[in-house]
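Here's the structure, in structure tokens; my notes come after.
The values are calculated or read from the model by the stated rules, or taken from the named source; none is laboratory data. Not measured: the values here are computed from a predicted model. Methodologically, a virtual Cβ is constructed for each residue, glycine included, from the backbone with ideal geometry; neighbour enumeration extends over all protein chains shown. Accessible surface areas use protein heavy atoms only, side chains included; no ligands, DNA or RNA. Shrake-Rupley method; radii C 1.70, N 1.55, O 1.52, S 1.80 Å.
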Amino acid sequence: MNLNYELSEQDQLAARLAVGERIHYCVPADLSLEGKRTLGYFVVGKEKWAYIQNGELIESCRIADACDYNVVPLIGNAILEATQDHTKRLIVRISMQHVARFAYIAQILNYMAEGSKIRIYNNETEMVCPRCGGGLLPGTRLCPKCMNKAAVLKRLLDVSKSHWKKLSLGLFILFLTLVVALTGPYFQKLLVNSSLQPQPGESPSLSLFFLAIFGMLFGLAAGELLNVAKGRVMATVSSTIAADLRKLVYDKIQSLSLGFLTSQRAGDLMNRIMADTGRIQHLIQEIFTTAIYQFIMLVSVTFLLLNTDWKLALIVLVPAPLVAYLQITIWRRVLNRLFRKQWQVNDKANSYLHDVLSGIRVVKMFGKESREIKRFRQYNSEYAAAAVHAEKIYSILAPVSTYLLQLGTYFVLLVGCHMILKGTLNLGELVQFTGYASMIFGPLAWLMNMPRWIANAVIAIDRVFSVIDEEPEILDTKHSVKHSIHGNVQFCGVTFGYKSYEPVLKNLNFEIKPGEMIGLVGHSGSGKSTLINLVSRFYDVNEGEILIDGMDIRKIQQEDLRSQIGVVLQETLLFSGSIIENIRYSKPEATMEEVIQAAKIANAHDFIIQLPDGYDTKLEENGNNLSGGERQRITIARAVLHNPRILILDEATASLDIDTESVIQEALQRIMKSRTTIAIAHRLSTLRNADRLLVLEKGKIAEIGTHRELMQRKGIYYNLTMAQRNIG
Amino acid sequence: MVKVESTLCSQEIVEKKTDLSEAARIHYLTPENTEFALTEGKLLSVRVDGELYPVVYLHCSFPHSNKRMFISVRTSENQEVGMVKSLDEFPVDIVRLLDEQIHMRYFAPIITKVINIHEEFGYSYWEAETTAGHLQFTVRRGGGNVKMVSSVKVLITDLDGNRFLIEDVNQLSEKEYRMVEMSL
């Protein structure tokens, strides 16, 4: 992370005057106290800091005159504070862009104020674009300056490359279809001129009559057959490309870090996998079946029309740009907005329905059915109104444009008949001409809608690629190794925050011996769940290291690490499927006997065996056909089946009644033998068997020891225990 | 249970002693029991019933619907010192001081003119005139980064966590509205 920005000459001069010749750190402090963005800089010298703005010194002070330098994140901005003369003071105000930078600066200032060695782990790299050198979008390899739509389509082409044989076949069939279609008007002309109304001096020819009829019939039949073949080939190719894309997105989502995934809505990600790739599939199909066909048709028919009679051709073509203009304007200015509005109302109604139906119990409990009926009625009529509004305009626009387009044909007939009467055109030529003219309206109308569907498809493509381009925060390196865990876990100076400027855990140092059970105790928000997230390496530490059997956790392959850790959470997440499939989730190759053993250990076997379908019982969505205790016992069986060396219990029994809890506790006791266990529980009686208890307070270890030791100390743990006893 | 009658209207608050208010035991700060002051270090301090809290922060209960009502006064340890029911209960100079502190905490420049928004690859790039000056910022699509926080107010949160407000979408020009609507 850049902690040493370059200053303008003017600023540099002012900074040097304030803090001395050598500037150690310099970062932007870009917000004035009045809330204006400014070009200010916070400069740190050997002994002093200074705030410089436009070459002017605003304030400076000796670093050692204050202590407890600290960044306080507010809403949408932050301030750097310090304690001076026993009172807090505000030093500078900054936008959120530089908060992480200031978190480092605050640490540095604290070290300098204490006169100790500066010890910071500045490993947050600022990614830059290799092409333009500008900053990349956080979490991606995308440079906002270097992206364009052509590049998007090119990427789609790259994915399509592996299917080039089938794509070429599709294109070949498409060309054949085109040639066949273009022969139609020629045979019509032949029919009229050779037999229906031969030229003066010529007699009707029966053979040419049959040739023309056969030609037209062949054109119709062959055209349809080729269309079927083209449709089949393109459907296969586009589906396979879309499937490739879906796979790419899904694989990427699985590899992304928990942090990114929890910031996204599940529905949104589902849309990217299914709906957006569906749109892309539609785009490919459309390009290779309709787009290229219509485009070539437009060019060749225009050429043939101009070649036959350029004056008539102009009459046909003149209304087209007008109609195109009308269509595009109305789409852009009116319809686009109306349809979008309609989708938005639809989305709102959908999420409202999802909310209410999944929370129907609450609605019933509070007797709010009539209120909900009223609310739905409102959404429903809003949607209907939006739909009617959009459709009304669309229903007028479509026939008007078609009418305007076909107006050209009437003029052609008018002028054409006049030319026949004058003898400059024969009937056959007019028939051929009107045949070609009618062929041009399809491509023209299609071309007018093209910008809209291209825009939609490009949105879909960039939504899909935005996931594909997302970088996982936790990565294995080439040096990552497999490691068979014994169970020693060590935290060495671990500091971690989901945002680096807001540490949740601060400088943790402790060791858990193999087979030991550690109980994590502390108030909500003290960092207990964060600590176990770090053991599973869902996030990487900001400072310090976590060692497993003396090896840095970042050097162990993620999959290998997690396959040796068993986790039981408070919320029981079961997938749709049978009980055996759910237990086997952690070890798909487990035998039936192993599954039963795991269920026995988890005290689940007895209730499963009583079910009519035993282990084959199909679970409904999230196992709703089982009780909370039963579901929890299945998750415990799942966690122990793969024989994890480290067991993590995060409030595993918090939501259960005392009887069920004691059954599950007994099961857990059996499992925990010879396994390193880290357990979180608010109900302290749950942790009575823990070898040691670790009390966290505001991200720091406040107390550590056995139950007896901590009770004697009469600190936080003692107070918590006494408080619970009193409630009990 | 007795019905609680209270409204968010700043002028008149109808509130009766109820079971609920008895149970909630909210400690209201009034001009009679409270003295706010700006410290030398440009932070806010408060003395309540003779007890001094050297640094406190103001947290609005309704930062979007009404910033001037039900303001929680909290220490840096996040302990509530008490609640200001309405800013209007206090003298003008104190209201000004508290207003400044609220604006310091809830910083969201108001967008006065949307110059351009274009969307690509799941991000929208905004260029706008705001009360904090001319700004360009990037917003990640989805995840509620551009959302209606009232029937007319739009809150935009950029990639870094900076926040911006459009006070009234109906006041936007046709062109501006079209651009904003695409991101909603």
| Using a Förster distance of 35 Å, the FRET efficiency for B:Glu40-A:Leu17 (Cβ separation, nearest 0.05) | 0.90
| query | Which of the pairs A:Lys161/A:Lys478; A:Lys506/A:Lys528; A:Lys166/A:Lys252; A:Lys348/B:Lys153; A:Lys341/A:Lys392 have their Cα atoms more than 19 Å apart in this structure? | reply | A:Lys161/A:Lys478; A:Lys166/A:Lys252
| message | With a 1.4 Å probe and all protein chains kept in place, how do A:Arg101, A:Arg232, A:Arg554 rank by accessible area, largest first? | response | A:Arg232, A:Arg554, A:Arg101
| query | With labels modelled as points extended 7 Å from the Cα through the Cβ direction, what inter-label distance (nm, one decimal) is found for A:Leu74 paired with A:Glu59? | reply | 1.3
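If R₀ is 41 angstrom, what is the calculated FRET efficiency for the pair A:Ala275 and A:Lys482, using the beta carbon separation as r and rounding to 0.05?
Working: r = 39 Å, r/R0 = 0.95.
The calculated FRET efficiency here is 0.60.
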| request: Give me the net charge of A:Lys230's neighbourhood, meaning all other residues with Cβ under 13 Å from the Cβ of A:Lys230; Lys, Arg count +1, Asp, Glu -1. | output: 0
| the stretch A:566-643 - Kirkwood radius from inverse mean 1/r over Cα pairs (Å) | 11.9
| field | Hits among lysines - C-alpha to C-alpha of B:Lys85 under 23 Å, sequence gap 8 or more where chains match | value | B:Lys3, B:Lys16, B:Lys17, B:Lys67
| query | Of all the accessible heavy-atom surface of chain A, with the other protein chains kept in place and a 1.4 Å probe, what percent is carbon and sulfur? | reply | 58
| task | Determine the residues within the stretch B:125-140 where the difference in accessible area between the chain on its own and the full set of protein chains amounts to at least 50 Å²; count protein heavy atoms only and use a 1.4 Å probe. | result | B:Tyr125, B:Ala132, B:Arg140
| Accessible area of A:Tyr539, 1.4 Å probe, to the nearest 10 Å²? | 30
| Can you give the FRET efficiency for B:Val149 and A:His523, using 1/(1 + (r/R0)^6), R0 = 35 Å, r = Cβ-Cβ distance, to the nearest 0.05? | 0.70
| message | At a cut-off of 30 Å², which residues of the stretch A:73-107 become less accessible once all protein chains are present than in their chain alone, using a 1.4 Å probe? | response | A:Leu74, A:Ile75, A:Gly76, A:Glu81, A:Lys88, A:Leu90, A:Arg93, A:Met96, A:Gln97
| query | Given labels modelled 7 Å from the Cα in the Cβ direction, how far is it in nm from A:Thr591 to A:Val388? | reply | 7.0
| query | How much accessible surface area, in Å² rounded to 10, belongs to the heavy atoms of A:Thr424 with a 1.4 Å probe? | reply | 90
| request: Taking all protein chains together and a probe of 1.4 Å, list A:Lys166, A:Lys154, B:Lys42 from the most accessible to the least accessible. | output: A:Lys154, A:Lys166, B:Lys42
| field | Solvent-accessible area buried by B and A, counting both chains, probe 1.4 angstrom, square angstrom | value | 3800
| remark: Ignoring ligands and nucleic acids, A:Cys26 exposes an accessible area, probe 1.4 Å, in Å² to the nearest 10, of 0
| query | How would A:Tyr436, A:Tyr718 line up by accessible area, probe 1.4 Å, largest first? | reply | A:Tyr718, A:Tyr436
| Percent relative contact order of chain A, based on C-alpha pairs within less than 8 angstrom and at least six residues apart? | 10
| query | Using a basic spin-label model with each label point 7 Å from the Cα along Cα→Cβ, how many nm lie between B:Thr30 and A:Lys247? | reply | 7.3
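Is the shape of the protein assembly as shown best called rounded, prolate or oblate, per the rule: a/c under 1.5 gives rounded, else a/b larger than b/c gives prolate, else oblate, with a ≥ b ≥ c the square roots of the Cα gyration tensor eigenvalues?
Prolate shape, in that a/c is at least 1.5 and a/b is the bigger ratio.
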| query | Within chain A, which DSSP H helices have Cα atoms that stretch 18 Å or more along the helix axis and a mean Kyte-Doolittle hydropathy of at least 1.6? | reply | A:292-308
| note | Taking a ≥ b ≥ c as the square roots of the Cα gyration tensor eigenvalues, with a/c under 1.5 meaning rounded and otherwise prolate when a/b beats b/c or oblate if not, the stretch B:111-183 comes out rounded
| query | Can you pull the Kirkwood radius for the stretch A:149-468, inverse mean 1/r over Cα pairs, to one decimal in Å? | reply | 24.0
| said: Give the lysines whose C-alpha is closer than 20 Å to that of A:Lys189, dropping any in the same chain fewer than 8 places away, or say none. | reply: A:Lys311, A:Lys422
